[in-house]
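As structure tokens, the structure follows; a few thoughts come after it.
Read-outs: derived from the displayed coordinates by stated rules, not from any lab. Keep in mind the model is a prediction, meaning the values are calculated, not measured. Virtual Cβ from ideal backbone geometry, glycine too; neighbours counted across all protein chains shown.
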Amino acid sequence: MMRTRMQRFTLLLWASRAASFLRISTFNRSFSSVLKDLKYSETHEWVKVDGSSSTIGITDHAQDHLGDVVYVELPDVGNAVTQGKSFGAVESVKATGDINSPVSGEVIDVNTELNGSPGLVNASPYDKGWIIKVQIKNEHELDSLMDSEKYAKFCEEEDAKH
């Protein structure tokens, strides 16, 4: 029987949680969900820089902890965003959380696909589930963000606390 990618993921996630409950060692999935060419914030947003513009979304780690996303509040094109400040929100079956901008600048595009398909944030957080594109105001802000290695370690430490 051929399983879809989502079915395999769901089964793997269930098995990982069951193993955790039973105190059985299992791999940490955060390593497989952190992309090397991105920068990451401590509030679990990612940014992909392309010249002086950037694409922003929430990380696989964040969407996993949120659960099924049912609504994404998007800003308007032309709005200013500030590093570390909220520009929107993600609502899931479990919780609602702010989305903070990892960089300051002006919103130049929003992913309107999320209006009808907010689940793209779960299914494809680094590709089809991107949230906004920003014209970067201060490229030096990128220096305060984590690379993939630091972010993976940050997630491990955070999960160990909970």
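A few comments on the model shown:
- For the listed peptides 67-73, 153-159, 100-106, a ranking on the average number of other beta carbons within 10 Å per residue, highest first, reads 100-106, 67-73, 153-159.
- Placing unit charges on the Cβ atoms only, positive for Lys and Arg and negative for Asp and Glu, gives the stretch 38-161 a dipole magnitude near 140 debye about its Cα centre.
- Separation of the Ser52 and Ala80 label points, Cα + 7 Å toward Cβ, nm: 1.7 nm
- Potential extension, Ser117-Asn138 segment - 0.36 nm per residue separation minus Cα distance: 4.4 nm
- A simple packing score, the average count of other Cβ atoms within 10 Å per residue, orders the peptides 111-119, 131-139 as 131-139, 111-119, with the highest score first.
- Note on Ala95/Lys153: beta-carbon distance plugged into 1/(1 + (r/R0)^6) with R0 of 30 Å gives a FRET efficiency of 0.80.
- Proximity of backbone amide H atoms, modeled 1.01 Å from N, is registered between Ser124 and Gly129 at under 5 Å, excluding neighbours fewer than 5 places apart on the same chain.
- Pair Thr43, Ser124: separation of 7 Å Cα→Cβ label points (nm): 2.6 nm
- Charge sum, other residues only, whose C-beta stays under 12 Å from Glu91's C-beta, Lys/Arg counted +1 and Asp/Glu -1: -2
- Orientation-averaged projected area, Cα convex hull of the stretch 73-162 (nm²): 6.6 nm²
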